[in-house]
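The values are calculated or read from the model by the stated rules, or taken from the named source; none is laboratory data. Being a predicted model, the structure only gives us computed values, none of them experimental. With ideal geometry, Cβ positions are generated from the backbone for all residues, glycine too; neighbour counts draw on all protein chains shown. These area figures cover heavy atoms from the full protein model, side chains too; ligands, DNA and RNA do not enter into them. Shrake-Rupley method; radii C 1.70, N 1.55, O 1.52, S 1.80 Å.
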Amino acid sequence: MEITEALGQIIKNMTAVADNLGFSVVVPSGIEKGAVPVSVANGKYTVAFTGDKGSFKIEVVDGKIYLKCAASQYKDAVEEDYAQASTSLFENEDVTDRDLRSMANEFNETVEKTYSKASKKQQSKVLNPVSKTAAKNGNAYFDSNTLGSRIAHMFPELKDAYKANVDRYGEFLPEDFFINHGNKFIEATIRQNDPTKMRKLFNCLNEIYNDGTNEVQSVIVVTILGSMAQEEQLLANCVDYMEDMTLSVVEVCKQLRRSKSLRAKLENPPKYKPKKQKRQRFMPGQLGQ
């Protein structure tokens with residue numbers, strides 16, 4: 001059996017697991033539509049998969065087949081990022097369909113264990129809001145993720161948007177969430193000006209502002225309340241409910257009303273750029289644990 005044909009069968013048997021984990025096969029440049037996405041260089045045949053959780057690749061070289069995993073996406077990964085997760089003899093002249101299914105099943109099991117575990121760690125870290133007790137005791141500060149989580153619980157219609165934000169960026173991106181989703185619900189509440197709903201909303205905003213990071217204070221004052229700078233009646237509705245943030249909100253709204261460029265930046269924030277982190281490698285001893 002040709003090596004390319006054999007790798008095509010392995011890809012076919014791994015596609016469902018890869019899709020479930022958010023991975024897709026990397027199509028090398030120059031590959032014709034419908035052809036097996038295999039790159040060949042210096043006698044080495046490579047198939048790669050990439051996704052938000054990292055990348056993995058299958059290599060056939062010198063009569064052996066390898067599965068290698070990395071925490072970096074394929075376009076960002078270098079060879080040193082990959083840890084060898086599995087290796088077997090591969091004599092393509094004698095390999096059978098049954099052999100290929102067995103290899104694919106072994107690779108699937110390793111990939112699932114490796115990236116399901118990594119994904120759960122990432123999600124639990126991102127989705128864990130700061131507790132009121134921790135903030136009041138001075139052990140932690142409220143952050144933007146906590147604000148997003150609280151607002152999503154206050155307005156259940158936002159829960160899916162909040163989850164989608166975290167899933168897309170791997171962290172909570174407040175500008176995207178509030179400008180595209182949350183602000184319209186907050187604005188509707190302020191426009192309605194029902195005392196009970198206003199107290200509930202501003203109890204949340206004031207609490208997080210008072211014990212929050214500089215970032216979340218900016219989100220509240222600029223991204224949320226600053227978005228209403230052009231409607232003085234909406235801001236007037238807020239005056240009796242705002243506490244320590246009042247002067248900051250008033251000053252920010254004055255600046256936004258005077259500056260068209262500032263308003264444009266607020267409405268169209270810079271494109272998201274992931275935080276630069278040290279490259280993470282999967283060590284052989286970690287794989288499959």
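For region 1-140, which semi-axes, largest first and in whole Å, follow from the square roots of 5 times the eigenvalues of its Cα gyration tensor? Please report the intermediate quantities before stating the final value.
Values: eigenvalues 260, 45, 35 Å².
For region 1-140, the semi-axes come out at 36, 15, 13 Å.
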Helix 246-258: inclination vs the chain longest Cα principal axis, degrees, rounded to 10, gives 80 degrees
How do the peptides 39-48, 165-174 rank, highest first, by the average count of neighbouring beta carbon atoms within 10 Å per residue?
165-174, 39-48
Do any of 68/159; 197/254; 200/254; 136/254 go past 30 Å between their Cα atoms, and which?
68/159; 136/254
If you line up the long axis of helix 3-20 against the longest principal axis of the chain, both from Cα atoms, how many degrees apart are they, to the nearest 10?
30 degrees
If you line up the Cα atoms of region 11-79 on their principal axes, what length do they span on each, largest first, in Å?
30, 27, 22
What is the angle, in °, between the Cα long axis of helix 97-126 and the longest principal axis of the Cα atoms in the chain? Nearest 10 is fine, range 0 to 90.
20 degrees
Amide hydrogen neighbours beyond the local backbone of residue 26, cut-off 5 Å, H modeled:
48, 49, 50
Most fluctuating residue of 139, 108, 128 in a GNM of the chain with Cα springs under 10 Å: which is it?
139
Calculated diffusion of the chain, Stokes-Einstein form, Kirkwood radius summed over Cα pairs, 4 °C and 1.567 mPa s, µm²/s:
58 µm²/s
Run the 1.4 Å probe and let me know the accessible area of residue 207, rounded to the nearest 10 Å².
40 Å²
